Amino acid sequence: MSEELRPRSRRAMRTPTIARHGRLKKSNPFATITRFLAATLAVLMVSGASVAAIAAYDLASSIKPSITLAGDADGKGAKIPQIGAWEGGVNVLLVGSDSRKGQDPIFGGEDETGDLNDVTMLLHISADHSNATVVSFPRDTFVPIPSCPDPSDPESPFASMSSQKINTTLTYGGLPCTVLTVEELTGLDIPYAAEVQFSGVIAMSTAVGGVPVCVGARIEDEYTGLFLDPGEHMLEGWNALQFLRTRHGVGDGSDLTRISNQQVFLSSLMRTVKSADTLTNPAKLYSLAKAALTNITLSDNLQNVDNMVAMAMALKDIPLDQIKFVQYPTGAVEGGVAPDYEAADALFAALAADQPIELGGDTGGSLIDPNAPVEAAPADPNAAVDPNAPVAPESSGPVVLDGVKGQSAGQYTCSDGRTLEDQ
């Protein structure tokens, strides 16, 4: 290991002997019901109406313990107004763990991979609730890791490290450490976080009734067992999980093109969840609530029903073309990738200022769907104008981020598959 990548102290690489994910809170019956209500975020964010009254008793018994983030331990965590009075923007970190603990044995032994955050995504909602951005951080990005709290010994935190891969932060100090690392990397405050494992992806995709995904070129991946011909596939459960996990079967086989493949799925998922069929189907809404409740571990302040409903109200009406999925800008280095700080600074300056963004780069690996719905024809510029029509306020327009890759939720794309012959 090079000097740059060596931890600053031998203690920094010590593996805690108990759960690394923060202190678990004691429970009481009222708090349990409240946490059930809060766990309907997946439903609230698209419908704006709670289905919490449906089988509350049944779901309450399945509540997962919450996680205390570093900013919450001393009472300095973010405070949100009461329901219906949400003001300003919000940042939420979403982490996908590859841990096999508590998962089906089909994924392998519990100690086979450790506990890596192979998916790290930051959701930013603008203060005026007009746009949202989801930034995916490549798992092999070398980043500085700050000093992180040790859940087993709060008085003696782990030492900082100058450069390690971002996907080691979950092992190093649990979800709070991943949050602190992304905060330092982006300059943004992140008061909310959630962690999901394999079973959560399976449950959520099944609850929504499957996600239609376009495959532009055949996918062949012996590692995940995923083989898909060109065309549209309705993916849910196991197949949805393997589609999100596949790396060898798409693009150039790198984690960067896997992120683009995941964005194909996520943009279609967003369109599906916001569709009228989902929003008017009580069975799907209930299934989404239960899937979120039983499979996602939330930070403490995300398990407050007021916060959940207020956040839902901020998200539900954002147009699809104003929901952007972005790949964190990087450049290739030996053994992984390193931040492109110039491009990243422009991205996070725009988010910090709540400016809408347009991506100046390509999709990062996916293909444009040739069968995408045709947009309505633009209005006739010579048509008569209503003199009494309200005048729209002038806008400075979105910030164009040159070279930054990704797509919007309203953009129809297809996976660029990769066959075994090319691997």
- Message: Taking 41 Å as R0, compute the FRET efficiency from the Cβ-Cβ separation of SER275 and GLU222 and round it to 0.05.
- Response: 0.75
- Calculated FRET value between SER147 and VAL333, using beta carbons and R₀ = 22 Å, to 0.05: 0.35
- Note on the structure: So, with points 7 Å from each Cα along the Cβ direction, the GLU155-ALA353 label distance in nm works out to 4.7
- If you roll a 1.4 Å probe over the heavy atoms of the protein chains, what accessible area per residue do you get for region 192-260, in Å²? 35
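Beta carbons within 10 angstrom, averaged per residue: use that to sort the peptides 169-176, 147-154, highest first.
169-176, 147-154
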- How much accessible area does ILE202 have with a 1.4 Å probe, in Å² rounded to the nearest 10? 40
- Quick calc: nm separation of the 7 Å Cα→Cβ label points for TYR341 and GLU421 -> 4.6
- Grab the Cα-Cα distance for VAL400 and ILE368, subtract it from 0.36 nm times how many residues apart they are, and report the gain in nm with one decimal. 9.5 nm
- Three semi-axes of the equivalent ellipsoid, region 172-251, Cα gyration tensor, whole Å, largest first: 31, 16, 12
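The values are calculated or read from the model by the stated rules, or taken from the named source; none is laboratory data. Please read these numbers as outputs of a predicted model, since none were measured by experiment. Neighbour counts are summed over all protein chains in view; Cβ atoms, including those assigned to glycine, are modelled from backbone coordinates with ideal geometry. The protein model used for the area step is the full one, side chains on, heavy atoms only, and it has no ligands, DNA or RNA in it. Shrake-Rupley method; radii C 1.70, N 1.55, O 1.52, S 1.80 Å.
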